[in-house]
Amino acid sequence: MPARFELDESPTPENEERRRSIHARLVPTSTFATDDIAQHIEEASSMTASDIIGALSLLARYMGDQLAQGHRVHLDGIGYFQMTLETPPAATSKEIKGNKIRCKSVYFRPEKKLKNRLKLATFVRDDKKNLRAPNYSQKEIESFLEGYFEENTFIVRSSFQYHCRLTRYA
């Protein structure tokens, strides 16, 4: 099954003259959860879904422990995981103390085998989404929200972004 994509206008930094640029963005169709993965592996092997879920749970805990100790974790056929750090702004290195450093995120670098498998992916344009038009006025957004809240009691960020054609970062 091909992966879906939508077209998005690339943001242009202020004070920069640049021709309009469009890029493709993946439209996730669903989240393939641990239970789904365990079920598929169970059907293709002699392991039970419970055993797989237990092993994945232990793997997650062990990976967290190793990453917290500053190690990089490599999973054959998948890739490398490494913790990234953040610090408060500082003018000199003497201002940065160990107790001020925090884990920012986990960086993932896919292994070549995985990247090569993904190069075989096929794509189809999602007909439910159009090219985003990120220039809705404040008044147009407010008008949409008024109509939306006549029928709904709340809105989640992703739905708001979709309907107002906004990106998470713009």
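The values are calculated or read from the model by the stated rules, or taken from the named source; none is laboratory data. Just so you know, these numbers come straight off a predicted model, no measurement behind them. Glycine gets a Cβ as well: all are built from the backbone with ideal geometry, and neighbour counts include every protein chain shown. Heavy atoms of the whole protein, side chains included, go into the accessibility calculation; ligands, DNA and RNA do not. Shrake-Rupley method; radii C 1.70, N 1.55, O 1.52, S 1.80 Å.
Can you confirm whether LYS100 is free of Cβ contacts under 8 Å to residues at least 12 places away in the same chain and more than 30 Å from SER10 (Cβ to Cβ)?
Taking the combined requirement at face value, the residue does not satisfy it.
Restricting to the stretch 141-170, what's the tally of residues that are in a helix (DSSP H, G or I), modelled with pLDDT under 85 and surrounded by 11 or more Cβ atoms within 10 Å (Cβ to Cβ)?
Number satisfying all stated conditions: 6.
Out of (1) under 25 Å from ARG117 (Cα atoms); (2) without any contact (Cβ under 8 Å) to a residue 60 or more places away in the chain; (3) part of a strand (DSSP E or B), the odd one out for ALA38 is which?
That leaves (3) as the condition not met.
Out of all the residues in the stretch 3-12, is one or more of a type outside the set (S, T, N, Q), under 25 Å from the mean Cα position of the chain (by Cα) and modelled with pLDDT of 95 or more?
The answer is no; no qualifying residue exists.
Report, by residue number, each residue of the stretch 26-82 that is in contact with a strand residue (DSSP E or B) (Cβ under 7 Å, 6 or more places away or on another chain), open to solvent by 60 Å² or more (accessible area, probe 1.4 Å) and under 30 Å from TYR162 (Cα atoms).
LEU26, THR29
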